[in-house]
Amino acid sequence: MRSFRVGAILLSVVMLMGLWAAPLSMAQEQPRRGGVLRVALAADPPSLDAHQEQTFAVTQPMSAIYNNLLVLDPHNYPKVIGDVAKSWKVSGDSLTYTFTLHEGIKFHDGSELTAADVKASWDKVVFPSGGVISPRRGNYQMIKSIEAPDRFTAVFRLHHPRRRSW
């Protein structure tokens, strides 16, 4: 019985030391760059361009590597929270949505995400250039223009107000 108690105490001490040391080792870890994203798909998508394709075979693997201005709060559905946007305002007439972006968000190559990048992504969907097909364009017909007045502000102007639940 005594050896059991000594063993239990020794095990407790070792576990406590391990819990104490774990945050130290985690704090010293550096992100690893590169690698391969492996995904099992039940289809052969024509491309992995999430702007051009609308199949589940593209949405499933690509949604894990794209960010959004806003997302649904996974802990408080259906509350909307910022992802790339740290804050947002809707004008009184509901025709202008202004998003302030988090600073310091990096692309895989280390370059910083700016409002110009947000504008370029949305322009590709809403106002595609000649010869580019946007299967989602019809979902955003209410968007009149997208502006990037400074590095971390994106402004969406609408043709007509959109009813919102947030």
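Assorted remarks:
- Convex hull volume per residue in cubic angstrom - Cα atoms of the stretch 67-158: 131 Å³
- Between SER129 and LYS89, the contour length at 0.36 nm per residue exceeds the Cα-Cα span by 11.5 nm.
- The Cβ shell under 9 Å around ARG151 holds other residues with a net charge of -3, Lys and Arg each +1, Asp and Glu each -1.
- With the cut-off at under 16 Å, measuring from each backbone N in the stretch 91-105 to a point 7 Å along the Cα-to-Cβ line of ILE81 picks out 102.
- Simple spin-label estimate for LYS144 and VAL71 in nanometres, 7 Å along Cα-Cβ: 3.2 nm
- Measuring r between the beta carbons of THR153 and SER63 and using R0 = 35 Å, the FRET efficiency lands at 0.85.
- Whichever lysines have a C-alpha closer than 23 Å to that of LYS79, once near sequence neighbours (fewer than 8 apart) are set aside: LYS89
Rule-based calculations on the coordinates, nothing more; no lab input. As the structure is a computational prediction, the values presented were derived from the model and not from experiment. A quick note on method: Cβ atoms are made from the backbone with ideal geometry, for glycine too, and the neighbour counts reach across all protein chains shown.
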